[in-house]
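The values are calculated or read from the model by the stated rules, or taken from the named source; none is laboratory data. Keep in mind that what you see is a predicted model, and the values were worked out from it rather than measured. Here the Cβ positions follow ideal geometry from the backbone for every residue, glycine too, while neighbour counts run over all protein chains shown. Please note that ligands, DNA and RNA were not included when accessible areas were found on the heavy atoms of the full protein model with its side chains. Shrake-Rupley method; radii C 1.70, N 1.55, O 1.52, S 1.80 Å.
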Amino acid sequence: MRDFHATTPASQSGLASVLAELTKLLRNHTRSLDETFDGVLALGCRRLGLDVGVIARVRGTAYDVRSLCAMSGTALRVGQTLAPGQTFCEKTLEGEDTFYVSNAAHTPLAGHPCFRAFAYESYIGTPIRVNGRVWGTLSFASRDALGRGFDPQDRDFVELLSAILGSEMDRDELDAKMHAAVEESEHARRETQAVLDRLPAMVWRKDTDGNILQCNEAAAKAVGCTPDQMAGRPVAAFYPDRAEQLLREDQAVIESGKPKLGVIESLVGEGGQTHYVQTDKMPTRNTAGEIDGLVVVSTDITHLKQAEDELRSMNVRFRAFMNNSPAIKWAVDRDGRYVFVNPAFEEMMGVAASDCVGRTPEEVLEPKTGNAFEVVARQADLLKQNGTEAQTIHVDLPVGDRIVPLMVTRFMYTDAKGSVFVGGSAVDLTDVAAVQRELAQRNKDLKALLYVISHDLREPLRAIRNFSGLVVEREYESLGQSSQDMLNRVIRGAERLDQLLSDVLTLSRAQRAEPATGMVPSGKIVKEVLSDLQATVDRTQAEVEVGEDLPELKIDAFWLRQAIHNLITNALKFTKDGESPDLSIRPYRYDPVASDASREVGVDRELTGLVFEDKGPGVEEHQRERIFGLFQRGVGREVPGTGAGLAIVAQVAERYGGRVWVEDSPEGGSRFILAFY
């Protein structure tokens, strides 16, 4: 410090009051930094008896007036920027110590720019240090000379004020840093919370005493709270029944310093429903590397557990199906080695599953059996087709001293790892072959019976009809009334028996009808049948309406004609008393997925066919299935017929993949529907 003026002892008067005011100022913790500056400058001016007090921020070559207290007029103003060389603070900064002068005009400072600009006779200034570095200056000045001069107490007082200002700015800067750190921490916490809240898993962050520091929405929702309501509270407040167990588990992780992962627990929630969660617990560490708590993540795996249970159940069902199937079943890998065989395979081949798995057919089966079965099991044929479809082949497999006819279905499949396998199932046709032979013999016997019916039985029947006709021609008038009646009964019975035999033959031929070779236009067939029945239509004065666009049907034309003939003659026979037949024939289409397909027809596939709708007496509900049986009639003998007509229609429909049924007509009468898939 440089001193150009001798100092004299300063008066102690007023110092106590100034210090008291300074103490009061500093105790006001709500004051701002600017208020502190203003208060310090005012106290300094009053204590030193000077007119101007200045706090300046000095940065390089800039001297910025930060705060100003002027008891009288001054050319300085807040915010003004000067060069340090324009102020006496230049001297303070040069020595980084307190500098003062009480009568500048009588010193070399009289030529200083500050003196020329502001005419300050007396000046005292000292550096302000913040964080150990010079931040600026605190100075007091006056245009009047200080007669008493500056004494050590003045210097100590100014340096005290400088130290106070430095401390306040240290604190303010620290507060700002702490506030920024708190803001940054809160921002990080909010971002972390936002990320946690997006997680479907429940997440908690706890301290070492079991208090919840933070949790996400999923965890809070599980106990009917919000994350803010749970923060800072102990685990026991939300899980009282499990608090001790959870705390023990948490402490074990904290003490070991190692995470505990993949713990699966079952929890009973509201409504008694069981939920499964997988819990992971991981210790957390502070910047010093010390464990300060842990993070707990619990993921609801109920759906996975259910899927796992279902998969296990499916596997049990699959094993039960495979192990109890009478068909032999197996699977081989790409190298032709068995990966699975079922008990039926073991029984037929005489080998154990444990001897098969991992080995090829040639290695475990008898040579002739293995060679034949290798053809069945190999993948080459299927690989050529990329395994797109299952293959069915027939194989005569030599097993022991017999040949087993097998119907084999083989297919390719890929497991979850991408490995390709061939699976197979084979049915022993030994019993089927026997049944087929028996069926062939029965068909042969049936053909013989039909031959007898059509020739041998009808031959004497024709004789009865012929001789009865001769009696009618030659002797009828000579017979009595009783004899004539008996003769008429014989003739009618013979005619009825002949019609019955004819219907039986027709039904038998329908059962053995040839498969359809193409589509048949049903409209053309309907017109031909109506032409054949024109005489009956005229005689009964029937009204017949045929709709447009009758469909094409996949059926043999002969048998479609037979079915349509029977359905039309059925409608012409059954009428209400005193009324003529009224029949309409329209197309029928049924789509099970269409919105208007509300009528339940008992199928889930499309149907196409014809509707025969009459206005007759209708069919009672309990008779609707019965009338399609052979020789079953819904009326008495007053209506002609054998009761075989609808049975023939039903047989034709079944033979060609269709069905026939009857239902009520909305306008009265019946609707007979003949339709095919």
Using the structure shown, decide if residue 129 is among the charged types (D, E, K, R) and touching a Phe, Trp or Tyr at 6+ places or on another chain (Cβ under 7 Å). yes
If you go through region 294-315 one residue at a time, do you hit one that is without any contact (Cβ under 8 Å) to a residue 24 or more places away in the chain and more than 25 Å from residue 416 (Cβ to Cβ)? no
Number of positions in region 127-152 that are modelled with pLDDT of 90 or more and open to solvent by 70 Å² or more (accessible area, probe 1.4 Å): 5
Across (1) more than 18 Å from residue 653 (Cβ to Cβ); (2) within 48 Å of the chain's Cα centre (by Cα), residue 551 clears everything bar (1)
Wholly within region 250-364, strands (runs of 3 or more DSSP E) carrying at least 2 residues that are at pLDDT 90 or above, among the charged types (D, E, K, R) and within 35 Å of the chain's Cα centre (by Cα): 274-285
Enumeration of residues in region 94-146 that are acidic (Asp, Glu) and touching a residue at least 24 places away in the same chain (Cβ under 8 Å): 96, 97, 121, 144
Could you please find all residues in region 123-142 being in a strand (DSSP E or B), of a type outside the set (A, V, I, L, M) and in contact with a Gly (Cβ under 9 Å, 6 or more places away or on another chain)? 127, 129, 135, 137, 139, 140, 142
Yes or no: residue 87 surrounded by fewer than 17 Cβ atoms within 10 Å (Cβ to Cβ) and of a type in the set (S, T, N, Q)? no
Can you pull out every residue in region 387-400 that is closer than 20 Å to residue 332 by Cβ, part of a loop (DSSP other than H, G, I, E, B) and either open to solvent by 80 Å² or more (accessible area, probe 1.4 Å) or touching a residue at least 40 places away in the same chain (Cβ under 8 Å) (or both)? 388, 389
Considering only region 48-79, state which residues are closer than 18 Å to residue 120 by Cβ and charged (D, E, K, R). 51, 77
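Per-residue answers, yes or no, for (1) assigned to a loop (DSSP other than H, G, I, E, B); (2) at pLDDT 90 or above; (3) β-branched (Val, Ile, Thr):
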residue	(1), (2), (3)
575	yes, no, yes
583	no, yes, no
586	no, yes, no
605	yes, no, no
611	no, yes, yes
617	yes, no, no
633	yes, no, no
638	yes, no, no
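So that you can scan it fast, the table gives a plain yes or no per residue for (1) open to solvent by 40 Å² or more (accessible area, probe 1.4 Å); (2) modelled with pLDDT of 90 or more; (3) part of a loop (DSSP other than H, G, I, E, B):
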| residue | (1), (2), (3) |
| --- | --- |
| 23 | yes, no, no |
| 40 | no, yes, no |
| 45 | no, yes, no |
| 50 | no, yes, yes |
| 53 | no, yes, no |
| 57 | yes, yes, no |
Region 205-251, residues that are among the β-branched types (Val, Ile, Thr) and more than 23 Å from residue 285 (Cα to Cα): 223, 226
Residues 282, 314: which one is out of contact with any helix residue (DSSP H, G or I) (no Cβ under 7 Å at 6 or more places or on another chain), open to solvent by 60 Å² or more (accessible area, probe 1.4 Å) and over 30 Å from residue 427 (Cα atoms)? 282
All conditions in (1) β-branched (Val, Ile, Thr); (2) out of contact with any helix residue (DSSP H, G or I) (no Cβ under 8 Å at 6 or more places or on another chain); (3) open to solvent by 40 Å² or more (accessible area, probe 1.4 Å) are true of residue 253 except (3)
Can you confirm whether residue 116 is under 13 Å from residue 136 (Cα atoms) and over 60 Å from the mean Cα position of the chain (by Cα)? no
Could you give every pair whose Cβ atoms fall below 8 Å, whose first residue belongs to region 529-541 and is on the phi < 0 side of the Ramachandran plot, and whose second residue is of a type in the set (D, E, K, R) and part of a helix (DSSP H, G or I), counting only separations of at least 6 or pairs across chains? 529/561
Suppose we filter region 201-215 for residues that are within 25 Å of residue 290 (Cβ to Cβ) and either free of Cβ contacts under 8 Å to residues at least 24 places away in the same chain or of a type in the set (A, V, I, L, M, F, W, C) (or both); how many remain? 5
When you scan region 160-201, how many residues do you find that are open to solvent by 60 Å² or more (accessible area, probe 1.4 Å) and either of a type in the set (S, T, N, Q) or farther than 30 Å from residue 133 by Cα (or both)? 12
Those residues that are out of contact with any Ser or Thr (no Cβ under 6 Å at 6 or more places or on another chain), surrounded by 17 or more Cβ atoms within 10 Å (Cβ to Cβ) and over 13 Å from residue 334 (Cα atoms), I need them from region 401-426; list them, please. 404, 406, 408, 410, 424, 426
Could you tell me whether region 208-225 includes any residue that is under 28 Å from residue 304 (Cα atoms), β-branched (Val, Ile, Thr) and loosely packed, with under 14 Cβ neighbours inside 10 Å? yes
Collect the residues in region 427-456 that are at pLDDT 80 or above and open to solvent by 50 Å² or more (accessible area, probe 1.4 Å), keeping them in residue-number order. 427, 428, 430, 431
Quick one: what pairs do we get from region 665-677, first residue open to solvent by 10 Å² or more (accessible area, probe 1.4 Å), second polar (S, T, N, Q) and in a loop (DSSP other than H, G, I, E, B), C-beta under 9 Å, 6+ apart or different chains? 671/665
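Which helices (runs of 4 or more DSSP H) sit wholly inside region 143-241 and have at least 2 residues that are of a type in the set (A, V, I, L, M, F, W, C)?
Per the criteria, 152-198, 217-222.
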Does residue 166 fit the bill of being on the phi > 0 side of the Ramachandran plot and out of contact with any Cys (no Cβ under 6 Å at 6 or more places or on another chain)? no
